[in-house]
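Have a look at the structure below, then the notes.
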Amino acid sequence: MESAEIARRFLRFFEERGHKVVPSASLIAEDPTLLLVPAGMVPFKPYFLGQRTPPAARLASVQKCVRTPDIEEVGKTTRHGTFFQMLGNFSFGDYFKEQAIPFAWDLLTKSESEGGFGFPEEKLWVTVFLDDDEAIEIWRKVGVPSERIQRRGLEDNYWHMGVPGPGGPCSEIYYDRGPEHGREGGPVADEDRYLEVWNNVFMQYQLGEVRSKTDFDVLGELPAKNIDTGMGLERMATILQGVDNLYEIDTTFKILDKAAELTRTRYGRDQRADISLRVVADHVRTGTMLVADGVLPSNEGRGYVLRRILRRSIRNLRLLGSGDERYMHELTATTIDAMGETYPELKVDAPQIHGIIDAEEASFLGTLRTGTAIFDVAVEETKRKGQSTLAGAQAFQLHDTYGFPIDLTLEMASEQGLQVDEEGFRRLMKEQRDAAKADAKLKKTGNADISVFGQLLEKAGKVDFLGYDTTSAESTVIGILVDGLNVPTAGAGTTVEVVLGRTPFYAEGGGQLADQGVLRTSGAEVEVVDVQSPIKGLVVHRGKIRSGELKVGDEVQAEVDVERRKAISRSHSATHLVHRGFKNFLGETAAQAGSENSPGRFRFDFTAAGAVSPSVLRDVEDEVNAVLINDMKVNAFYTSQAEARAMGALAMFGEKYGDEVRVVEIGDYSRELCGGTHVHSSGQLGLVKILGENSVGAGVRRVEALVGIDAFRFLAKESVLVAQLSEQLKARREELPERIEGIVTRLRTAEKELEKLRSSQVLAIAGELASQARDLQGVSVVTHRAPDGTGADDLRKLALDVRGRFPADRAAVVVIAGAPSDRPVVVAAVNEAARSHGLKAGQLVGVAAKALGGGGGGKDDVAQGGGTNAGAIDDALRLVQETIAGQLG
């Protein structure tokens with residue numbers, strides 16, 4: 001049975017039993033304490049905690065999940081994976097054990113022809129919590145004999161969220177894979193043989209303080225009992241497809257097999273190759289699903305999780321012999337084909353997914369080349385010092401600065417006969433992680449804060465947004481928060497968060513900045529500086545009470561800053577036009593990946609393989625302004641997501657939308673899913689001026705532009721500047737580029753001539769310096785301070801020139817120092833005859849550089865260093881002479 005069919009059967013079974021089927025939530029967790037969704041119930045957490053009302057009392061879903069704590073173990077075992085799918089049925093105060101257990105038993109044991117999974121009853125075992133006699137009795141009623149029911153303790157069969165809230169015992173269902181997989185005795189004896197396939201959690205208690213998995217306070221029974229179940233899709237596929245592990249099921253093995261084909265390897269022949277193939281299969285699938293949900297590679301947060309996963313894939317392809325070949329595109333295509341039946345959006349968004357992953361692959365292959373060069377320098381330095389271990393700090397720098405995986409450093413060091421100070425590396429990594437965790441902890445809002453908003457939402461209901469039609473409205477104060485606490489009143493000077501029953505204020509979202517304005521009651525005035533929607537359906541106005549006292553229940557006049565709203569709306573409409581323009585000129589792969597619409601200006605991020613040429617920027621700008629001149633009508637309406645897609649409405653890449661969506665269309669030019677505010681006709685934008693574009697990440701470009709009066713003012717300033725240049729250069733405007741190019745060319749030529757002149761002047765004294773060499777124990781020593789402003793390259797050339805003027809059999813040491821700018825530089829050159837006396841350039845530079853307040857080094861024949869104290873150059877040269885004299889005895 002294919003994985004997609006397993007999912008279909010599960011959802012169909014529960015839909016037939018009154019459950020509302022909901023799509024998988026995005027892998028990007030709404031919970032601010034989580035980077036990614038790690039479990040199937042996470043999207044339902046607000047319902048269980050009472051923070052939100054569920055859309056129905058019975059729900060069922062297939063939820064995408066990502067866990068990475070054991071990422072280093074992926075591939076080494078066949079049990080670990082980073083991406084998995086959880087099938088779940090949920091009840092919120094509706095049915096409980098007496099229905100949940102028969103549901104599970106029926107689905108598992110009914111024949112495939114009857115819509116079940118066809119498990120032989122004698123193959124199934126169950127575990128229950130120690131004192132859950134009720135569950136045991138129900139299991140007996142459905143047909144499970146007592147000898148296949150086992151009791152387990154808190155560690156195994158009790159579940160809670162780790163915070164105060166609902167919790168309770170759970171009952172797990174296991175499948176007996178047979179004696180070839182381990183010893184008899186049920187799950188308590190061997191969980192390799194007896195494979196867990198389904199966990200039923202019975203949330204029946206209200207928990208107080210939770211200190212650990214097994215240490216918590218039970219306050220009493222819940223007034224409404226809930227059900228939360230989880231069935232691992234990959235684990236079910238392992239059993240139903242008759243394979244040994246998750247890497248051999250249909251979806252994963254397609255990717256593994258493609259990786260083997262591309263790298264000309266064969267799965268099952270070599271243990272090391274098998275590990276790499278499993279890593280590639282798992283990570284490419286995970287990376288594809290993350291990118292599809294809008295995660296972009298970066299060096300922090302969930303973006304770093306994605307980058308690490310993709311780079312481990314590329315790294316393991318390299319271990320399989322890919323070299324500089326780029327295979328991620330084909331592997332991503334295979335993943336989309338394997339997963340597309342369950343997640344059809346993968347096929348729709350394939351061009352954007354490919355663009356981002358292809359760009360990350362190209363970037364990392366370049367990183368590997370750069371990192372290899374840095375690694376070679378580190379190896380040379382380690383060997384020169386006579387050491388056999390690469391320092392942990394060097395391995396950490398390769399990892400942190402150049403993205404070089406530690407396992408690659410270990411492998412390459414081994415090839416050079418070196419070890420790596422892994423303990424030092426791990427210590428530095430831990431310090432970095434601890435610092436990151438401390439920073440993240442400060443940013444967490446926690447469930448306590450969210451629950452306050454949840455209570456306000458329950459009290460107010462969904463807040464009506466009136467801002468599409470008006471910027472001023474009467475409303476009522478539903479709630480006031482001060483420092484996160486619900487209060488009945490607040491006085492002048494207090495910073496508050498205010499919830500109204502309805503509002504014309506737009507909460508920041510979809511790239512559009514929040515409205516600002518004023519809330520007025522008969523006795524108070526609040527300046528609103530920000531508006532947010534911390535949970536869906538709730539709008540929170542953040543600001544400061546200018547005067548009077550604000551009270552819950554007050555009638556209020558809410559007034560938006562109209563000019564700011566108009567300016568932001570112009571920017572938002574312009575963003576839609578630019579989005580359409582880039583698709584017209586670059587193709588459908590140019591998908592929106594982010595935006596910010598602020599008064600008078602906007603930035604727009606989109607997927608692209610490389611830099612966008614100035615000619616394309618001009619073409620997009622011309623086309624957009626033509627739309628403005630034609631003054632097209634802007635229309636907004638609601639429809640189903642399927643109908644909107646059929647109309648060709650654009651959507652932000654990675655964004656998730658509900659069943660009903662709002663479509664904003666600008667004439668017949670642009671049609672896009674959007675919840676923001678817009679102008680009434682395109683002519684109200686006035687003018688759009690694109691300032692330029694740049695890269696903001698692998699496969700993502702950013703354009704910035706001005707709109708309306710801001711665009712006009714920018715062009716007016718440019719016109720004045722051009723007029724001034726035209727006057728000073730005595731040239732017509734159209735002649736300015738050629739005239740300025742000529743001036744720049746002549747200036748560069750003159751600079752090169754000056755550089756040659758300076759070099760010749762510096763080198764002219766080489767003979768004189770050689771003739772004035774000081775004799776120390778038969779070694780000719782030249783120390784010289786060059787004039788300030790002499791470049792580092794000229795200092796090096798002079799040192800080598802002076803050294804070259806001594807006969808090969810005459811030992812010579814030349815040390816030249818100078819200050820090219822405000823920082824001193826020192827260069828040492830030692831010929832072979834002097835090196836036979838034990839004199840080394842790197843050592844001498846080290847002595848001088850230390851005196852200059854810096855450091856340096858290099859080879860024994862020539863070395864360069866520097867410092868921060870130019871005033872110590874003379875002392876540094878004196879120390880070099882003393883060092884030479886001391887070494888020669």
Q) Charges only on Cβ, +1 for Lys and Arg, -1 for Asp and Glu: so what's the dipole of the chain about the Cα centre, in debye to the nearest 20? A) 2160
Q. Excluding ligands and nucleic acids, what accessible area in Å² is computed for Val243 using a 1.4 Å probe, to the nearest 10?
A. 40
(Q) Run the simple label-point estimate for Gln881 and Ser640 please: 7 Å along Cα→C-beta, distance reported in nm. (A) 9.3
Q: Specify the angular offset, from 0 to 90 degrees and rounded to the nearest 10, of the alpha carbon long axis of helix 841-851 from the longest principal axis of the alpha carbons in the chain.
A: 80
Q | Computed [θ] at 222 nm, deg cm²/dmol, the chain (DSSP H ≥ 4; -39,500 (n - 2.57); rounded to nearest 500) | A | -13000 deg cm²/dmol
Q: Take the Cα pairs of segment 82-126, get the Kirkwood Rh, then feed it into Stokes-Einstein at 37 °C and 0.692 mPa s and tell me D in µm²/s.
A: 268
**Q.** Where Ile666, Ile239, Ile28 fall by accessible area, highest first, once all protein chains stay in place (1.4 Å)
**A.** Ile28, Ile239, Ile666
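Evaluate E = 1/(1 + (r/R0)^6) for Ala393 and Leu34, where r is the Cβ-Cβ distance and R0 equals 30 Å; express this FRET efficiency to the nearest 0.05. Write down the numbers at each step before the final one.
Working: r = 32 Å, r/R0 = 1.08.
Once rounded, the FRET efficiency stands at 0.40.
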Q.
List the residues, sorted by chain then number, that are 5 or more residues from Cys170 or on another chain and whose placed amide H is less than 5 Å from its amide H.
A. Phe129, Tyr158, Trp159, Phe202
Q. Taking amide H positions as placed 1.01 Å from N in the peptide plane, with prolines and chain starts having none, which residues 5 or more places from Thr389, or on another chain, fall under 5 Å of its amide H?
A. Gln419
Q: For segment 194-272, just list the percent of Cα-Cα distances falling in each 10 Å bin from zero outward, please.
A: 15, 26, 21, 17, 14, 7, 0
Q: Add +1 for every Lys or Arg and -1 for every Asp or Glu among the other residues with Cβ under 14 Å from the Cβ of Asp215, and state the total.
A: -1
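Of the listed peptides 207-220, 285-298, what is their order by residue-averaged count of other C-beta atoms within 10 Å, with the highest listed first?
On the way: 207-220: 12.1, 285-298: 25.9.
Averaged packing, sorted descending, gives the order 285-298, 207-220.
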(Q) Per residue of segment 259-264, what does 6.51 cos²θ - 1.76 cosθ + 1.60 with θ = phi - 60° give for ³J(HN,Hα)? Whole Hz please, x for Gly and Pro, Karplus curve as stated. (A) 4, 5, 5, 5, 9, 6
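Semi-axes of segment 831-874's equivalent ellipsoid from the Cα gyration tensor, sqrt of 5 times each eigenvalue, largest first, rounded to whole Å?
After scaling each eigenvalue by five and taking roots: 22, 9, 7 Å.
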Q: Can you send over the carbon and sulfur percentage of the accessible area for the chain, probe radius 1.4 Å, protein chains only?
A: 48
**Q.** Relative contact order (%) - criterion: Cα under 8 Å, at least six apart; region: segment 771-889
**A.** 23
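For segment 797-889, what does the accessible surface come to per residue with a 1.4 Å probe? Please give it in Å².
Value for segment 797-889: 42 Å² per residue.
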Q) How much of the calculated P(r) for segment 179-329 lies past 17 Å, in percent of all Cα pairs? A) 74
Q) Order of 779-787, 228-236, 482-490 by packing, highest average Cβ count within 10 Å first? A) 228-236, 779-787, 482-490
Q: Subtract the Cα-Cα distance of Arg266 and Glu98 from 0.36 nm times their separation in residues, and report this length gain in nm to one decimal.
A: 55.5 nm
(Q) Expected output is a single nm value to one decimal: the length gained when fully extending between Glu73 and Lys347, i.e. 0.36 nm times separation in residues minus the C-alpha distance. What is it? (A) 95.6 nm
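Contact order normalised by length for segment 591-666, with contacts defined as Cα pairs under 8 Å and 6 or more residues apart; what percent is it?
Value for segment 591-666: 33 percent.
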**Q.** Dipole of the chain [Lys/Arg +1, Asp/Glu -1 at C-beta], most positive-end residue of Tyr638, Ile709, Leu757
**A.** Leu757
**Q.** Phi to ³J(HN,Hα) by Karplus 6.51 cos²θ - 1.76 cosθ + 1.60 over segment 743-756, Hz, x for Gly, Pro
**A.** 5, 4, 4, 5, 5, 5, 4, 5, 5, 5, 5, 4, 5, 5
Q: Can you pull the one-decimal nm distance between simple spin-label points at Tyr468 and Lys544, each 7 Å off the Cα toward Cβ?
A: 3.5
Q) Name the residues of segment 824-862 whose amide N is less than 15 Å from a point 7 angstrom out from the Cα of Lys383 along the C-beta direction? A) 859-860
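Please report the relative contact order for segment 621-703, taking Cα pairs under 8 Å with a sequence separation of at least 6, and give it as a percent rounded to a whole number.
35
Dividing the alpha-carbon Rg of the chain by 2.2 N^0.38 Å yields what?
Cα-based Rg divided by the globular estimate yields 1.20.
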**Q.** With Cα atoms, 0 to 90° folded angle of helix 392-402 axis to the chain main axis
**A.** 70
Q) Could you state the number of Å between the C-alpha centres of segment 267-288 and segment 532-553? A) 52
(Q) If you build the convex hull over the alpha carbons only and average its shadow over all orientations, what do you get for segment 307-425? Give it in nm² to one decimal. (A) 8.1
Q) For segment 94-217, what log10 I(q)/I(0) values come out of the Debye formula at q = 0.12, 0.21 1/Å, with one point per alpha carbon and no solvent? A) -0.47, -1.20
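Accessible area per residue of segment 218-332 at 1.4 Å probe, in Å²?
In whole numbers, segment 218-332 has 40 Å² accessible per residue.
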Q) Taking R0 as 60 Å, what's the FRET efficiency between Gln724 and Glu555 from their Cβ-Cβ distance, rounded to 0.05? A) 0.55
Q. Of all trypsin sites (Lys or Arg not before Pro) in segment 366-399, which ones are in loop regions per DSSP and have a Cβ with at most 15 other Cβ atoms within 10 Å?
A. Lys385
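Please pull out the direction-averaged projected area of segment 689-785, using the convex hull of its alpha-carbon atoms, in nm² to one decimal place.
Working: hull surface 55.3 nm².
So the mean shadow area of the Cα hull is 13.8 nm².
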Q | Accessible surface of Glu121 - all protein chains present, 1.4 Å probe, nearest 10 Å² | A | 80
Q: May I ask you to rank Ser771, Ser171 by accessible area, largest first, using a 1.4 Å probe over the protein chains only?
A: Ser771, Ser171
**Q.** Phi to ³J(HN,Hα) by Karplus 6.51 cos²θ - 1.76 cosθ + 1.60 over segment 508-518, Hz, x for Gly, Pro
**A.** 3, x, x, x, 8, 5, 6, 5, 10, x, 9
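Whenever you get a sec, line up Asp250, Asp156 from highest to lowest accessible area (probe 1.4 Å, protein heavy atoms).
Largest accessible area first, the list is Asp156, Asp250.
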Q: Using a cut-off of 13 Å between beta-carbons, work out the net charge of the residues near Val526 (Lys and Arg +1, Asp and Glu -1, Val526 not included).
A: -2
Q | Average accessible area per residue (Å²) across segment 563-712 - probe 1.4 Å, nucleic acids and ligands excluded | A | 41
Q. Does anyone have the angle between helix 301-319 and the longest principal axis of the chain? Alpha-carbon axes, 0 to 90°, nearest 10?
A. 70
**Q.** Where a label projected 7 Å from the Cα of Ser760 along Cα→Cβ would reach, residues of segment 796-820 with amide N under 17 Å
**A.** 798
Q: Could I have the simple spin-label model distance between Thr476 and Asn630, label points 7 Å from Cα toward Cβ, reported in nm to one decimal?
A: 4.8
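The values are calculated or read from the model by the stated rules, or taken from the named source; none is laboratory data. Being a predicted model, the structure only gives us computed values, none of them experimental. A quick note on method: Cβ atoms are made from the backbone with ideal geometry, for glycine too, and the neighbour counts reach across all protein chains shown. The protein model used for the area step is the full one, side chains on, heavy atoms only, and it has no ligands, DNA or RNA in it. Shrake-Rupley method; radii C 1.70, N 1.55, O 1.52, S 1.80 Å.
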